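The values are calculated or read from the model by the stated rules, or taken from the named source; none is laboratory data. Quantities reported herein were computed from a predicted structural model and do not represent experimental measurements. Counting neighbours? That spans all protein chains shown, and the Cβs are built from the backbone with ideal geometry, glycine included.
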Amino acid sequence: MSKFFNKLTKFFKILILVALIALIIKAFAFDAFKIPSTSMENTLLPGDFIIANKFAYEFSTPREIPILDIPIPYKNLIDVSKPEVKDVVVFQFPRGFENDSLRSNSKYVKRIIAGPHDTLKISNGEIYVNGEILVLPSKVKISKDKERSGWVIDDKIYPPGAKWNKDNYGPIVIPGKGDTIKITPENFEKYQSIIVMDFGERALIPEGTIVTLAGKAISEYALTQDHYFVIGDNLDNSMDSRYFGFITDNMIIGKAMFIYWSYNSNKIAPGPLGFLSAIRSDRLFKFVE
């Protein structure tokens, strides 16, 4: 009997060690995410499960308690590299957006199409960066035969007051670290999102003739981070920077690497093994381009 308990104890020790290693990897190196919507078709499909490299751009302390997904303060320890145009990234909005329909606290997966100080323009669905057409991977889903909406104004488009729509957008210059924004009650709405994203908290408030940030009156704000413009690869059906504005370095969790599992819940066949028919075996372990 003692031999049995010794083996059982050894087994549980190994199990605990493996679990601890898995938690450390999840906290510092790699994490898994599920694709819930069609916004990244055809690069990523609903039911794809991806692995993201969390130290592609920086090495930091954990952003949340593993498994529980409870956010905790974190600190960037080492800069590794900068996000680049065409990278597919996983990011999360900062505190204060939990009840915002456009910026919930869930994690997003999108593609960067413009970085700091780039000039972006979308014309009839074609993307131009610094005056040149951006050539995207062939899987990006842009309907070429769709009748575009011309210059019909969409009041949900970012920034507020812009007379643009999702097919005809810009030109707009992406903010970068060190840029200084003059802020007044009159232009508050236009620059609110940029400053809040950069600051990392919804703490910018207009108070009569002044604007305060975390309780202190300000007339200008110097950006501390680089900003990026992201889209979903399904350009015609994506909630992205055209609606919620720029994302920042600190919002980016990691770079999408590959699909480790893919499952189409609408394709389950009858019978006890019917779930096997829902597995997209041709997508397993495909790298995200």
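Scan segment 247-287 residue by residue and report those that are within 30 Å of I194 (Cβ to Cβ) and touching an Asp or Glu at 6+ places or on another chain (Cβ under 9 Å).
T248, D249, N250, I252, I253, G254, K255, A256, listed by residue number.
Touching an Asp or Glu at 6+ places or on another chain (Cβ under 9 Å), surrounded by 13 or more Cβ atoms within 10 Å (Cβ to Cβ), over 21 Å from R242 (Cα atoms) and not hydroxyl-bearing (S, T, Y), is that true of I174?
Working: touching an Asp or Glu at 6+ places or on another chain (Cβ under 9 Å): yes; surrounded by 13 or more Cβ atoms within 10 Å (Cβ to Cβ): yes; over 21 Å from R242 (Cα atoms): no; not hydroxyl-bearing (S, T, Y): yes.
In short, no.
Got a number for residues in segment 219-237 being out of contact with any strand residue (DSSP E or B) (no Cβ under 6 Å at 6 or more places or on another chain) and among the polar types (S, T, N, Q)?
Qualifying residue count, segment 219-237: 3.
Just name the residue that is nearest to S238 (Cα to Cα) out of those in segment 138-176 that are of a type in the set (D, E) and modelled with pLDDT of 85 or more.
Filtering segment 138-176 for residues of a type in the set (D, E) gives 145, 147, 154-155, 167.
Checking the rest, the ones that are also modelled with pLDDT of 85 or more come to 154-155, 167.
Values: D154: 14, D155: 16, D167: 12 Å.
So the residue we want is D167.
Identify the single condition in (1) in contact with a Gly (Cβ under 6 Å, 6 or more places away or on another chain); (2) part of a loop (DSSP other than H, G, I, E, B) that S193 does not satisfy, given that it satisfies every other one.
Status for S193: all satisfied but (2).
Count, please, the residues in segment 32-82 that happen to be of a type in the set (D, E, K, R), under 30 Å from N266 (Cα atoms) and under 14 Å from the mean Cα position of the chain (by Cα).
Start the filter on segment 32-82 by keeping residues that are of a type in the set (D, E, K, R), which leaves 34, 41, 48, 54, 58, 63-64, 69, 75, 79, 82.
Still in the running and under 30 Å from N266 (Cα atoms): 34, 41, 48, 69.
Applying the additional criterion that residues be under 14 Å from the mean Cα position of the chain (by Cα) yields 34.
Of the residues in segment 32-82, 1 are of a type in the set (D, E, K, R), under 30 Å from N266 (Cα atoms) and under 14 Å from the mean Cα position of the chain (by Cα).
Under 7 Å between Cβ atoms, at least 6 apart or on separate chains: pull out the pairs that start in segment 18-35 with a residue that is assigned by TED's automatic domain parsing to the domain that holds A52 and among the acidic types (D, E) and end on any residue that is modelled with pLDDT of 75 or more and surrounded by 11 or more Cβ atoms within 10 Å (Cβ to Cβ).
As it stands, the answer is D31/A52; D31/K54; D31/G254, since those pairs meet every condition given.
When you scan segment 3-21, do you find a residue that is of a type in the set (S, T, N, Q), within 18 Å of the chain's Cα centre (by Cα) and either more than 30 Å from S143 (Cα to Cα) or at pLDDT 80 or above (or both), even just one? Working first, answer last.
Kept after step one, since they are of a type in the set (S, T, N, Q), are these residues of segment 3-21: 6, 9.
Remaining after also requiring within 18 Å of the chain's Cα centre (by Cα): none.
Checked segment 3-21: no residue is of a type in the set (S, T, N, Q), within 18 Å of the chain's Cα centre (by Cα) and either more than 30 Å from S143 (Cα to Cα) or at pLDDT 80 or above (or both).
For (1) out of contact with any helix residue (DSSP H, G or I) (no Cβ under 6 Å at 6 or more places or on another chain); (2) over 21 Å from I157 (Cα atoms); (3) modelled with pLDDT of 90 or more, each residue gets a yes or a no:
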| site | (1), (2), (3) |
| --- | --- |
| S39 | yes, no, yes |
| L77 | yes, yes, no |
| F93 | yes, no, no |
| S104 | yes, no, no |
| I112 | yes, no, yes |
| L120 | yes, no, yes |
| N124 | yes, no, no |
| I127 | yes, no, yes |
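For segment 232-250: of the residues being crowded, with 21+ Cβ neighbours inside 10 Å and aliphatic (A, V, I, L, M), which is modelled with the lowest pLDDT?
Taking the candidates together, the pick is L235.
So which residues in segment 45-72 are exposed (fewer than 15 other Cβ atoms within 10 Å of the Cβ), hydrophobic (A, V, I, L, M, F, W, C) and in a strand (DSSP E or B), if there are any at all?
F59, I65, I70 - these are the residues of segment 45-72 that are exposed (fewer than 15 other Cβ atoms within 10 Å of the Cβ), hydrophobic (A, V, I, L, M, F, W, C) and in a strand (DSSP E or B).
Search segment 272-287 for residues being basic (K, R) and not in a helix (DSSP H, G or I), and hand back the single one that is nearest to A32 (Cα to Cα). Spell out how you get there, then give the answer.
Just the residues of segment 272-287 that are basic (K, R), to begin with: 280, 283, 286.
From what is left, the residues that are not in a helix (DSSP H, G or I) are 280, 286.
Numbers: R280: 18, K286: 14 Å.
Ranking the candidates gives K286 first.
Between a residue in segment 55-76 that is at positive phi and any residue that is surrounded by 11 or more Cβ atoms within 10 Å (Cβ to Cβ) and not in a loop (DSSP other than H, G, I, E, B), which pairs come within a Cβ distance under 9 Å, given they are 6 or more apart or on different chains?
I67/L23; I67/K26
Condition check ((1) within 27 Å of V90 (Cα to Cα); (2) outside the structural domain of L44 (by TED's automatic domain parsing)) across all residues:
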position	(1), (2)
V140	yes, no
Y158	yes, no
N165	yes, no
S193	yes, yes
T209	no, yes
G215	no, yes
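Just give me the residues in segment 218-238 being under 21 Å from F93 (Cβ atoms) and among the polar types (S, T, N, Q), in sequence order.
Once the filter is applied, which keeps residues that are under 21 Å from F93 (Cβ atoms) and among the polar types (S, T, N, Q), segment 218-238 yields T224, Q225, N234, N237, S238.
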